[in-house]
Every structure is written in C-alpha cells, then in structure tokens.
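Participant: One structure is given below, represented as structure tokens, and several questions about it will come after.
Just so it is clear, none of the values below were taken in a lab; they were calculated from the coordinates. Because the structure is predicted, anything quoted here is derived from the model rather than measured. Counting neighbours? That spans all protein chains shown, and the Cβs are built from the backbone with ideal geometry, glycine included.
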Amino acid sequence: MTTPVLSLRDLTVDIPTRRGTLRPVDGVSWDIAAGEILGVVGESGAGKSMTGNAVIGLLDPPAHISAGEVLLEGERIDNLTLPQMRRIRGKRIGMVFQDPLTSLNPLLTVGEQLTETILRHLDVSEAEALARAVRGLDEVGIPAAKDRMGAYPHEFSGGMRQRVVIALALCAEPTLLIADEPTTALDVSVQAQITALLKRLCRERGMAAMLVTHDMGVIAETADRVAVMYAGRLAEIGPVAQIIAAPRHPYTDGLMASTPAASAGQARLRQIPGAMPRLGNLPDGCAFHPRCPRAQDPCRRDPGPKVGDSDARAACWFPIAEGEDAA
Amino acid sequence: MNLVRVSRLSRVFDVSKPWLNRVIERLPKRLLTAVSDVSFDIPERTTYALVGESGSGKSTIGKMVVGLLRPSDGNVEIEGVDLATESDETTIERIRSDIQMIFQDPFASLNPRWRVGDIITEPVAARGGDTEGLAARLLEQVGLSAEDASKYPHQFSGGQRQRICVARALASEPKLIVCDEPTSALDVSVQAQVLNLMSDLKDEHGLTYLFISHDLTVVRHMADTIGVLYLGRLLEEAPPDALFTEPAHPYSAMLIDAAPRLDAFGREVVPPEGEIPDPIDPPTGCAFHPRCPIATDICKQERPPLEAFGAGRVACHHAGQVRLKGAA
C-alpha cells in the first residue's frame, strides 16, 4: 500500500484553562490518500477547524497537541520547530480559509503575493516565478490573468478573490490542501464554481485535500470520503455515498434528516433535540447520548468504540444497521 | 384576502462620493438601484419567500415592507394601508403593531443588558399594554421555560436566542412577520428546530410570513410562493414544487442546478458562468442576459415584463425554454 499523504493518529488537542483542561479534538484518526478529497463535516464547536489548524501547526496557544501524531507522507510533522514548520506550510501544505479578503494582503498586488510565495518556496528565477504566477491565475479561471497581475485584492469580486487564494495556496505545488469553509462566504452560483474548481485541481494534480465545511450538500458534491465530527470526536467516517445513503451513527443520521433538502415535500423537518454540549461541560460517556434517540445504559458510562480501533465505522455502541429505520 | 400588497416598488441608493470630491474629481453622481419595479401580493396566512444571491435586493424589500426604509417609488400596502403616506396616527399605530421582524443574527438583535423577559414584553410594554404573565407564556410557546425570563441573552445558545427573537415577535400578536435569513446563523440541526417552530406558530396564530433567504432548500421547505430576485428585479414567482421541477426563467434554473444537493454525490457539476454584474451599472434590457444561455437580441434591448406563466409569473422573453440539467 502506498503511504497516505496525511495520516492523523489519535490526534488530541488540549486547551488548559483555569477551570480545567478543554479537549476540542479528542483522539481523531484518519488517512487521506493522494488525489482524494476528505470532507470533514460537523456543526460549530465540533472541532473540525481545530483539527485543520493542528495539522498545519497554527493552533493558538495555549491550545496544543497533547497526544497523537500527524504524518505528512509518512513523516511526523507535529513535533517540528517553527522554522521547520514554516518550510512545510505553503510549500507542502496549501491552505484556503473562509474569508478570501482577510487571507490576502490588501497592500500588495495579486502578482506580488503570488511571485513572493513562489520565490520563497521554489528554487526558480524571478522571470520563471512571474510566468508561474500567471499560469496559476489562469488555471483557477481568472480571465485575462496577465493583466490582472497588477490588480489589488479589493479590485476583485468575492468569487474571484477566493480563486486568487486558491492560486496562492497551490502555487508552490503542495501535496496536501486544507480548505476550511472555502465557499461559506460565497453565493450559490459562485460556490458551485469554486467547488468544481477544487475538484478538478485535486484530480489533475493528484493532490490530497481536507475540505472542512458544515454544509452536507457541498460535501456530497465534492468529497470522496466524509468524516463526521461531534464534540471533538470522530463520529463516523466512510465513502460519501455510504454515509449519506446509509449512515451508521445516529448523529449522522439526524444531521442528514434535519437538512431541508432531504425532506422535500414533508410538512416537518426531523430535528435533533437540544444543542451540541459546550466543551467545558461534556456529558459522561458518549457526548451525543443526551440528544440520541437510541441511547441506552452503556452510552451514559463509556464513550464507546473509537473509529479505527476495530473495523467500526461509527463511534457508537448501537450503530444503525443496514436497512434499519433509525427514527 | 391579501395582507400585503407590494406594487411597483423601487429603491435607489445614492452611493456617490462626497460632493467636494465630485466637484474636484469631476465625477458624476452614482446611483445604485437596489430594488427595481417589484410587485407581489401576500395572501393572509401564507408564506411568501424571497430568494436571491447577495445584492439581489431581498433585504431591502423586507425593510421597506416593515417600514424601516422608505421606497423611492411605488408603495407597500398592509391591510390596505400605505404606512408611508397614511396620516391618521391611530391607523398607523394599529398597522405597526401587526408587523414584526426577525433578524438573521440572534447575537446582535437582543440587547445584552436586558433580561429576556423585558426583551420579550417590550413590544407590548412600549404601547402601554398589559404584560402580566406574557413573557412566561411566550417562552413556553417557543420551547423555553418560564424561569428563563430572568436570565440574560448571553446565557443562551444561538438556537435558543433565535427562539427568544421569535417570542418577542409574537408578543404584540402580529399578523405579519418579516423574517430576514432567520436561520442562516444556525447549525443544521438547530435550524430544523427553529423552522419547525415557525411552521407550528404559523398554524396556531394564523400568521403570514415574508421569508427572506438565500438558501433554496430552506425556502422550498417553508414557502407557499417563492419570488426569485436578481439585481433588484423579480424574475419569477411560482409555488415551490413548480419552481423546483420546471423553472420557467433561465436564472431560476441556473440557481437550482448550482445548489448543492445531498443526493448528488459523484455528480459532475457544470458550474454556471460569470457573476452578478455591478448593480450601479446594470446590463440593458433583461438584467440576466450577459449570463443567460438562451439570450437573444431582444433580451439586450428590452426589459421583459413580469407576466403570468404556468402556475406563476415570469419575466423573460423566452420563458419556459430551459430545462434543469439534473433531475430535481
């Protein structure tokens, strides 16, 4: 078997506070192969962005990785020093964040930002860097790329800006792309353009991608596999068709059923009672049990099997069997 | 009976630079037409949804309906009364208490220094009404408990806060509630709770909703009639099932095709071309023609009127000539 581009092994992030230690990411493990898009989905506070930040070493102190490993192409990167990490970030891991305006420097032209990044990470001449920058803009579908090199970020529309950010993330030819809610700030038609672009680029370059989003629809259209997170833990992971058509974890099932798209024509949406618990106030046992329609005694005492420990696909004591009606 | 009647509504914003700059730099005035000649009716006890991308004018229309903004042209009549021109104070007061609004951000729309009970009863207290036991009753109706009245907004989660906003909107027993993206700030599972609550309350209180959203799936679920806006113009109006299976306007079709769908894994999306044009300098004729796959010369010259078509109305010279790419 080939080495996966990214492997998380029992990744745990802790935030020490005066009132005790919070654990926003709790024992998450997964692999992403080359050319594969892993969608990470969950509601706010599920720990999905925190996981992404842990991978690229951008956790805000006092948050830190307290256990587990992050492997990039088989090599540990969670214990690197800051200068070592800087050489990886941007070069081998590209990043795209939610708000394209805050990810670009408003005082530099788009061309300057691209060539600067290329020169920093690749051993090429200035002329070559310029040519690569134009090619990069062209590849992400910016019309008249050459003429737009001298433009400032504010001269672009939201969708075009996100394209520039993607060009910037990809210009050093990374093997892994981490996209944190890349389309959340965009309109539907532009969102469709950006997701199609990400999909095409991953396929063409054989790049692995971790796509963090709260939108199941975006995941359904873009990702190959889906990881569902709840209260810092991985609830379920699997191929996108399987997760959507036959979810095993009651939370995945509830999440799916509460999207209005899934219940077109029904008078009421199925709802999950309550809300995600706060990190400082997690219930004992499985974090989902107070909201779970299937919860029984073991769920209240023990968190249940971890995904990846055995052949379990869902972190649940009583997963939904195939063909069973969950509600 | 129509509770709300919007006729030929327009709103123009002056986005010029300050006059001194204009004089020195010899710049002309710049006017942004946010809403242009929009007409629709909302029958009593129905939900009318306005859907559109950013800059389509949906929030501006909502603000004009509740009277937070004055129309530049055209008018809004609620129960046959135009608040902008009505001079009788008691009529204005009566109509105003029939209208309430729910905003997008439940963190910004509740005063952090007020107790929840005071927030909820304010619409009644401000008019000198009797607020005895009102907060407790409303809190229970929206699924919170009566003891919550003495708490402050920061003690609640996003979904609970939006419930408080709903309770406040119900306090004055309104007939019309304008909801501007009421669930956009909420997580999916919580969104379902709030949407269900809003449907239940509509039935119990005989409410009429003007529901403003960019989310097609939410709109499809909630609305009786959907109006599709683009650059401040109403392009199509139809009941949800007709709109989602057989959109008559090419823009509606594009929007529905572009929306991500749960059952669409592995689907190869051909994304729509182009972006919304600059509203300060909109295209001539039909505003959608530069992005339209079936535009012809007439589309560039003449703005199509909104005319009856199928189950609804549509503003297109070639109405009904598009097909959805993916089956809905």
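Participant: Top mean-square fluctuation among B:G52, B:G206, B:G274, Gaussian network model of chain B, C-alpha springs under 10 Å?
Facilitator: B:G274
Participant: Lys/Arg Cβ at +1, Asp/Glu Cβ at -1, dipole of the protein assembly as shown taken about the Cα centre: which of B:G57, A:L6, A:Q242 is farthest positive-ward?
Facilitator: A:L6
Participant: If you don't mind, there's one more thing I want to ask. How big is the Cα convex hull of the protein assembly as shown in projection, averaged over all directions, in nm²?
Facilitator: On the way: hull surface 132.0 nm².
Averaged projected area of the protein assembly as shown's Cα convex hull equals 33.0 nm².
Participant: Now for a separate question. Taking a ≥ b ≥ c as the square roots of the Cα gyration tensor eigenvalues, with a/c under 1.5 meaning rounded and otherwise prolate when a/b beats b/c, else oblate, which class fits the stretch B:107-173? Let's see the in-between values first.
Facilitator: Working: a/c = 1.64, a/b = 1.38, b/c = 1.19.
The shape class here is prolate.
Participant: Once both axes come from the Cα atoms, what is the angle between helix B:158-171 and the longest principal axis of chain B, in degrees from 0 to 90, rounded to 10?
Facilitator: 80 degrees
Participant: If amide hydrogens are placed 1.01 Å from N in the peptide plane, which non-local residues have theirs closer than 5 Å to the one on A:I178?
Facilitator: The list, which skips near neighbours in sequence, is A:G94, A:M95, A:V96, A:M210.
Participant: Return the long-range amide H neighbours of A:A33 (sequence gap of 5 or more, or a different chain), with a cut-off of under 5 Å between placed amide H atoms.
Facilitator: For A:A33, the qualifying residues are A:V5.
Participant: If you wrap a convex hull around the C-alpha atoms of chain B and split its volume per residue, what is the figure in Å³? Don't skip to the end; give the middle numbers.
Facilitator: On the way: hull volume 55.5 nm³, N = 328.
Hull volume over Cα atoms, normalised by residue count, gives 169 Å³.
Participant: Which ³J(HN,Hα) values, rounded to whole Hz and listed in residue order, are derived for the stretch B:138-145 from phi using the Karplus coefficients 6.51, -1.76 and 1.60 in 6.51 cos²θ - 1.76 cosθ + 1.60 with θ = phi - 60°, glycine and proline given as x?
Facilitator: 5, 4, 5, 4, 8, x, 10, 10
Participant: Compute the Rg to Rh ratio over the stretch A:166-209 from the alpha carbon atoms, using the Kirkwood formula for Rh, and round to two decimal places. Before the final figure, lay out the partial values.
Facilitator: Working: Rg = 10.6 Å, Rh = 10.9 Å.
Reported Rg/Rh, Kirkwood definition of Rh: 0.97.
Participant: Find which of A:L177, A:M207, A:V226 sits farthest along the positive direction of the dipole of the stretch A:128-246, computed with +1 on the beta-carbon of Lys and Arg, -1 on that of Asp and Glu, about the Cα centre.
Facilitator: A:M207
Participant: With Kirkwood's inverse mean 1/r over C-alpha pairs for Rh, give me the Rg to Rh ratio of the stretch B:53-133, two decimals please.
Facilitator: On the way: Rg = 15.3 Å, Rh = 15.0 Å.
With Rh from the inverse mean 1/r over Cα pairs, Rg/Rh is 1.02.
Participant: With charges only on Cβ, +1 for K and R and -1 for D and E, what is the dipole size of the stretch A:56-131 about its Cα centre, in debye, rounded to 20?
Facilitator: Numbers: 7 positive and 11 negative charges, 31 e Å.
It comes to approximately 140 debye.
Participant: What's the center-to-center distance, using Cα atoms, between the stretch B:268-327 and the stretch A:48-96 in Å?
Facilitator: When both Cα centres are located, 47 Å separates them.
Participant: What whole-number volume per residue, in cubic angstrom, does the convex hull of the C-alpha atoms of the stretch B:1-157 give? Walk me through the intermediate numbers first.
Facilitator: Working: hull volume 29.6 nm³, N = 157.
Spread over its residues, the Cα hull of the stretch B:1-157 gives 189 Å³ apiece.
Participant: With charges only on Cβ, +1 for K and R and -1 for D and E, what is the dipole size of the stretch A:107-266 about its Cα centre, in debye, rounded to 20? Write down the numbers at each step before the final one.
Facilitator: Details: 14 positive and 19 negative charges, 61 e Å.
Approximately 300 debye in magnitude.
Participant: I'm checking a number: the convex hull volume of the Cα atoms of the stretch A:1-113, normalised per residue, in Å³. What is it? Let's see the in-between values first.
Facilitator: Numbers: hull volume 16.7 nm³, N = 113.
Residue-normalised Cα hull volume stands at 148 Å³.
Participant: Springs between alpha-carbon pairs under 10 angstrom, Gaussian network model over chain A: which of A:M95, A:M210, A:M50 fluctuates most?
Facilitator: Fluctuation is largest for A:M50.
Participant: Follow-up question, since we're still on this one. When DSSP beta bridges are limited to those with both residues in chain B, what percentage is antiparallel, rounded to the nearest 5? Present the calculation step by step, with values, prior to reporting the outcome.
Facilitator: Working: 26 of 44 bridges.
Percentage antiparallel, nearest 5: 60.
Participant: So how do A:E155, A:E73 line up by other beta-carbon neighbours within 10 Å, fewest first? Please list the in-between numbers first.
Facilitator: Details: A:E155 12, A:E73 16.
In increasing order of surrounding Cβ atoms, one gets A:E155, A:E73.
Participant: Working from the alpha-carbon coordinates of the stretch B:182-242, get Rg over Rh, Rh being the Kirkwood radius. Display every interim value, and only then the final one.
Facilitator: Numbers: Rg = 12.5 Å, Rh = 12.7 Å.
Expressed as Rg/Rh, it is 0.98.
Participant: I would also like to ask the following. log10 I(q)/I(0), Debye, Cα-only the stretch A:182-257, no solvent, q = 0.12, 0.20, 0.25 Å⁻¹?
Facilitator: -0.36, -0.92, -1.21
Participant: Enumerate the calculated ³J(HN,Hα) couplings along the stretch B:196-206 in order (Karplus 6.51 cos²θ - 1.76 cosθ + 1.60, θ = phi - 60°), each rounded to whole Hz, writing x wherever the residue is Gly or Pro.
Facilitator: 4, 4, 5, 5, 4, 5, 4, 5, 5, 9, x
Participant: Quick check on the exposure proxy: order A:R92, B:R313 from fewest to most C-beta atoms within 10 angstrom. Let's see the in-between values first.
Facilitator: Values: A:R92 18, B:R313 22.
The order, fewest Cβ neighbours first, is A:R92, B:R313.
Participant: Among A:R268, A:R19, B:R261, which comes first, then next, by fewest other beta-carbon atoms within 10 Å?
Facilitator: Numbers: A:R268 12, A:R19 7, B:R261 21.
Lowest count first: A:R19, A:R268, B:R261.
Participant: Right, another one. I want to verify the translational diffusion coefficient of the stretch B:147-214 in µm²/s; compute it with Stokes-Einstein, Rh as the Kirkwood radius over Cα pairs, at 10 °C and 1.306 mPa s. Each step should come with its number before you reach the end.
Facilitator: Values: Rh = 12.7 Å.
After rounding, the answer is 125 µm²/s.
Participant: Can you pull the mean other chain C-beta count within 10 Å for peptide A:217-228? Each step should come with its number before you reach the end.
Facilitator: Working: counts 9, 1, 3, 8, 10, 3, 1, 2, 0, 1, 0, 0.
Whole-number average of other-chain Cβ neighbours for A:217-228 is 3.
Participant: So what are the ³J(HN,Hα) numbers for the stretch A:111-123, from phi and the Karplus equation (6.51, -1.76, 1.60; θ = phi - 60°), rounded to whole Hz, Gly and Pro as x?
Facilitator: x, 4, 5, 5, 5, 4, 5, 5, 5, 5, 9, 10, 8
Participant: Oh, and also: What does the highest-first list of B:218-225, B:79-86 look like by mean Cβ count within 10 Å?
Facilitator: Numbers: B:218-225: 22.2, B:79-86: 14.1.
Peptide ranking by packing, descending: B:218-225, B:79-86.
Participant: Suppose every K and R has +1 on its Cβ and every D and E has -1 on its Cβ; what is the size of the dipole of the protein assembly as shown about the Cα centre, in Debye to the nearest 20? If you can, show how the numbers build up before the last one.
Facilitator: On the way: 68 positive and 85 negative charges, 227 e Å.
Dipole magnitude for the protein assembly as shown comes out near 1080 debye.
Participant: Can I ask one more? If N is the number of residues in chain A, what value comes out of its Cα radius of gyration divided by 2.2 N^0.38 Å? List each step's numbers first, then the result.
Facilitator: On the way: Rg = 20.7 Å, N = 327, 2.2 N^0.38 = 19.9 Å.
Ratio of Cα Rg to 2.2 N^0.38 Å: 1.04.
Participant: Considering only the stretch A:99-244, what is the antiparallel percent among its DSSP beta bridges, to the nearest 5?
Facilitator: On the way: 6 of 11 bridges.
Looking only at bridges with both residues in the stretch A:99-244, the antiparallel portion is about 55 percent.
Participant: Now, a different point. Quantify how much of the Cα-Cα distance distribution of the stretch A:94-248 extends past 25 Å, in percent. Don't jump to the answer; show the numbers that get you there.
Facilitator: Numbers: 3758 of 11935 pairs.
Value for the stretch A:94-248: 31 percent of Cα pairs lie more than 25 Å apart.
Participant: Given the options B:S59, B:S16, B:S213, state which has the largest fluctuation in a GNM of chain B using a 10 Å cut-off (strictly under) for Cα springs.
Facilitator: Taking springs between Cα atoms under 10 Å, the residue moving most is B:S16.
Participant: Need one number: % antiparallel among DSSP beta bridges in the protein assembly as shown, to the nearest 5.
Facilitator: On the way: 50 of 87 bridges.
For the protein assembly as shown, the DSSP antiparallel bridge percentage is about 55.
Participant: Also, quick follow-up: Once Lys and Arg get +1 and Asp and Glu get -1 on their Cβ, which of B:A171, B:L68, B:P283 lies farthest toward the positive end of the dipole of chain B?
Facilitator: Most positive-ward Cα: B:P283.
Participant: When only C-alpha pairs under 8 Å and at least 6 residues apart count, what is the relative contact order of the stretch B:217-326, in percent? Kindly include the intermediate steps, with their values, before the conclusion.
Facilitator: Details: 153 pairs, mean separation 36.0, N = 110.
Relative CO of the stretch B:217-326 lands at 33 percent.
Participant: Continuing with the same structure: Whole angstrom only: what separates the Cα centroid of the stretch A:233-251 from the Cα centroid of the stretch B:135-179?
Facilitator: 34 Å
Participant: Same structure, new question: Which whole-number percent is the relative contact order of chain B (Cα, under 8 Å, 6+ apart)?
Facilitator: Details: 609 pairs, mean separation 64.6, N = 328.
That works out to 20 percent.
Participant: Another question, if that's okay. So how long is each side of the stretch A:67-167 along the principal axes, counting just the alpha-carbon atoms, biggest first, in Å?
Facilitator: Extents along the principal axes: 46, 32, 23 Å.
Participant: Ok, one more. In percent, how large is the relative contact order of chain A, given Cα pairs closer than 8 Å and 6 or more residues apart?
Facilitator: Once normalised by length, the contact order is 21 percent.
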